[in-house]
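Inspection log for the structure reproduced underneath, given as structure tokens.
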Amino acid sequence: MSTIFAIAGKGGVGKTTVAALIVAALARQGARPVLAVDADPNSCLDAVLGVTVEKTVGRLREDVRGEAAAVPGMSKRELLELRLAESLAEGEDFDLISMGRPEGPGCYCYANSVLRDILGRVAGQYPFVVMDNEAGLENLSRRIAPAVDTLILVADPSRRGLGTLARLHALALEMAVSFSRLVLVVNRLRGPEPPGYAFELAAATGADGLIGLPEDAALAALDEAGQSLLGLPPDNPVAASVAALVRGLTGEAAGKPPVDGALRSG
Ligand SMILES: Nc1ncnc2c1ncn2[C@@H]1O[C@H](COP(=O)(O)OP(=O)(O)OP(=O)(O)O)[C@@H](O)[C@H]1O
Ligand SMILES: [Mg+2]
């Protein structure tokens, strides 16, 4: 069974950045190959990871609709699976699948079920799956992902940003999004650690872990230049903190404590 890390949060807080650094950390820790899932139709996780995907699964499904009739004895789903390589990109230590959105006419629920089915089948072949989502919780509430092991909610350090995070957590519970562990990531810190109310929020949500990631000029420069974040050295402060988080999360299975530098009490 795969261990699935799903990253969520409001727009522009660093979800894709955190997802890419988790993929890099897992790969460095030997969990190869990792499956990176770009579940944000507007995202560019592929570019951030330095690979290119030809077509999203949503687009591919739409293309296949027209072709299935022309291939005797083959269902649309079989044809889609046959052509799935077009939605997969291979990196050195990871593969990436780009989901896109359900496209074209017809039942949205059916299109969703195709995406869910495909993702479930592909994900099952990898020990670790990292899913970058669009802002909000739509993907998770549509349940295109198989059961999530760790829900990673990312926020900026402002009080309003953390307020949004609290609302997203409440929404996840309300919509019965299933996850076993919750980690809060406060990104783009300008001080040494997350503000006090982040710790209050972590206690209130029963989070298993809370980490802060600093604002980092090297990371921003790579991104501005359109370069892959895999080019960040492992001792970069943001990459190193994410790697420590990943060690905590993957180590737990082996009986180690859940998250490095976990919750401060009170
Ligand atoms: N710790 C950081 N230090 C400096 N820049 C950062 C940091 N984290 C993220 N950024 C920058 O912030 C911007 C937004 O990050 P990112 O694309 O990861 O956010 P997102 O939550 O995925 O956005 P969207 O909701 O649009 O998908 C990017 O330009 C990224 O390089
Ligand atoms: Mg993103």
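The values are calculated or read from the model by the stated rules, or taken from the named source; none is laboratory data. Because the structure is predicted, anything quoted here is derived from the model rather than measured. We place every Cβ from the backbone using ideal geometry, glycine too, and count neighbours over all the protein chains shown. Heavy atoms of the whole protein, side chains included, go into the accessibility calculation; ligands, DNA and RNA do not. Shrake-Rupley method; radii C 1.70, N 1.55, O 1.52, S 1.80 Å.
Rounded to the nearest Hz, the phi-derived 3J(HN,Hα) couplings of region 158-168 under the Karplus curve 6.51 cos²θ - 1.76 cosθ + 1.60 (θ = phi - 60°) are 5, 5, 5, x, 6, x, 4, 4, 4, 5, 4, where x marks glycine and proline.
Separation of region 131-151 from region 196-244 is 20 Å, based on Cα centroids. With unit charges on the beta carbon (Lys/Arg positive, Asp/Glu negative), name the residue among 231, 31, 119 whose Cα is farthest towards the positive pole of the charge dipole of the chain. Towards the positive end, the residue furthest out is 119. Whole-Hz Karplus values for region 203-219 come out as 5, 5, 8, x, 4, 7, x, 9, 10, x, 10, x, 4, 9, 5, 5, 5 Hz, taken residue by residue from phi with 6.51 cos²θ - 1.76 cosθ + 1.60 and θ = phi - 60°; glycine and proline positions read x. Summarising the strand pairing of region 3-254, around 10 percent of its internal DSSP beta bridges are antiparallel.
Restricting the calculation to Cα atoms, region 41-177 shows an Rg/Rh of 1.01 when the hydrodynamic-style radius is the Kirkwood one. Solvent exposure of residue 175, expressed as accessible area, is near 60 Å², computed with a probe of 1.4 Å over the protein chains only. Here the contact order of region 31-134, divided by its residue count and restricted to Cα pairs under 8 Å and six or more residues apart, works out to 48 percent. By the Kirkwood approach, averaging reciprocal distances over each pair of separate Cα atoms, the chain gets a hydrodynamic radius of 18.9 Å. Counting lysine pairs in the chain whose alpha carbons fall under 28 angstrom apart, excluding pairs fewer than 8 residues apart on the same chain, gives 4.
Between the exposed loop cleavage positions of the chain, defined as GluC sites (Glu not before Pro) in a non-H, G, I, E, B DSSP state with at most 16 neighbouring beta-carbon atoms within 10 angstrom, the longest gap is 93-214.
Remark: region 90-103, residue by residue, has Karplus-estimated 3J(HN,Hα) of 9, x, 5, 10, 8, 10, 10, 10, 10, 7, x, 10, x, 10 Hz, where x stands for each Gly or Pro and the curve is 6.51 cos²θ - 1.76 cosθ + 1.60 at θ = phi - 60°.
Around the amide H of residue 188, modelled in the peptide plane, lie the amide H atoms of 213, 215, all under 5 Å away and 5 or more residues distant in sequence or on another chain. The accessible area of residue 167, taken with all protein chains in place and a 1.4 Å probe, comes to roughly 150 Å². Summed over qualifying helices (DSSP H, 4 residues or more, each -39500 (n - 2.57)) and divided by its residue number, the chain shows a 222 nm mean residue ellipticity of -12000 deg cm²/dmol.
Counting only protein heavy atoms and a 1.4 Å probe, region 3-254 has 42 square angstrom of accessible area per residue. Using a probe radius of 1.4 angstrom, the carbon and sulfur fraction of the accessible surface of the chain is 53%.
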